[in-house]
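Student: If you scroll down you'll find the structure; I have some questions about it.
The values are calculated or read from the model by the stated rules, or taken from the named source; none is laboratory data. Predicted model, so just to flag it, every value in this text is computed and none were measured. Cβ: placed from backbone, ideal geometry, glycine included. Neighbour counts: every protein chain shown. Protein only, heavy atoms only, side chains kept; ligands, DNA and RNA dropped before computing areas. Shrake-Rupley method; radii C 1.70, N 1.55, O 1.52, S 1.80 Å.
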Amino acid sequence: MSDSTTDERAGRVYVPDADHHFPDKKLNRVLEFVEDDEEIQTYLEAQNVNAVDRMRYNDHGEKHIEIVRNRALCLYDLLKAGDVEFNGASEQGLEEADEAVIVALAATLHDVGHVVHRDQHAYYSIPLAADVLDRVLPEFYDVAETVRMKGEVLHAILCHHRAETPLTTEAGVIRVADALDMERGRSRIPYEQGGRGINTLSSQAISRVSLHEGDSRPVLVEIAMTNAAGVYQVDNLLKAKLQDSGLEDQIRIVAVNTNENREQLVERIEL
């Protein structure tokens with residue numbers, strides 16, 4: 001079995017041609033536009049300079065965005081399969097097909113504020129993302145729809161950090177998906193540059209994150225870690241993001257220490 005097929009089945013990659021539990025044609029058109037847009041792609045490259053090169057935080061660039069957007073769309077699909085209601089688009093009088101577009105655009109633009117500064121970046125992301133949305137949304141929506149879509153995307157962007165509480169399910173998905181990028185690959189750059197902070201070391205301990213249909217809840221998140229340092233990622237970051245996301249009752253998180261050392265401090269934790 002190829003790695004790409006495994007990733008698809010593990011809920012790690014959104015595949016446009018696959019069957020989904022939501023209308024996906026509009027989303028797929030928007031994703032094609034985003035991938036070919038020079039301004040957006042330049043932001044994704046530039047936003048890593050402050051975060052990684054200057055402050056030695058974990059990756060916040062194009063790879064992080066790719067992972068967060070994939071996880072967000074996979075999470076959204078599982079929640080839709082579980083009949084979880086989404087209120088962002090519907091309360092604005094928009095279509096069901098617009099829910100996934102809100103999720104995808106918010107995931108793509110949530111970290112652009114890093115080009116200004118890492119600190120308080122969610123607030124810097126708002127005006128920068130607003131300018132991009134003013135150009136992108138009219139390609140797919142009329143004036144009234146553009147205003148409503150813009151508001152929903154910006155709300156989801158603002159709420160991806162814990163300071164603001166998500167008021168929509170779409171925003172809750174972005175908040176959780178942002179924390180689901182926790183594998184060791186995310187800390188590769190600062191680790192190679194000598195960074196040894198808790199974010200870097202704990203990320204190095206996470207080997208794999210997978211999303212599946214759950215039994216007792218719509219979503220099961222499985223996390224494999226190689227040592228107890230990974231607990232920081234799970235408990236302090238993911239658990240904190242899940243809290244007040246609106247999705248606390250929809251997602252079950254299980255983390256297992258896959259290190260065969262019998263003296264390991266943590267074997268399994270469940271949220």
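Student: Please identify the pairs in which a residue from region 238-251 that is over 12 Å from A177 (Cα atoms) and assigned to a loop (DSSP other than H, G, I, E, B) has its Cβ atom under 6 Å from the Cβ atom of a residue that is of a type outside the set (D, E, K, R) and open to solvent by 50 Å² or more (accessible area, probe 1.4 Å), counting only partners at least 6 apart or on another chain.
Tutor: Within 6 Å, the pairs are D244/T165.
Student: Another question, then. Among the residues of region 19-45, what is the count of those that are open to solvent by 100 Å² or more (accessible area, probe 1.4 Å), more than 19 Å from P138 (Cβ to Cβ) and outside any loop (DSSP other than H, G, I, E, B)?
Tutor: 1
Student: Quick one: which residue in A144, A130 is modelled with pLDDT of 95 or more, among the hydrophobic types (A, V, I, L, M, F, W, C) and either at positive phi or in contact with a helix residue (DSSP H, G or I) (Cβ under 7 Å, 6 or more places away or on another chain) (or both)? Explain how you work it out, then say what you get.
Tutor: Values: A144 fails: either at positive phi or in contact with a helix residue (DSSP H, G or I) (Cβ under 7 Å, 6 or more places away or on another chain) (or both).
Selected residue: A130, the only one of A144, A130 that is modelled with pLDDT of 95 or more, among the hydrophobic types (A, V, I, L, M, F, W, C) and either at positive phi or in contact with a helix residue (DSSP H, G or I) (Cβ under 7 Å, 6 or more places away or on another chain) (or both).
Student: Find the residue count for region 164-196, including only residues that are at pLDDT 50 or above, among the basic types (K, R) and surrounded by fewer than 22 Cβ atoms within 10 Å (Cβ to Cβ).
Tutor: Total meeting the criteria: 1.
Student: Among the residues of region 80-101, which ones are in a helix (DSSP H, G or I) and closer than 12 Å to H20 by Cβ?
Tutor: Once the filter is applied, which keeps residues that are in a helix (DSSP H, G or I) and closer than 12 Å to H20 by Cβ, region 80-101 yields K80, A81, A97, E99, A100.
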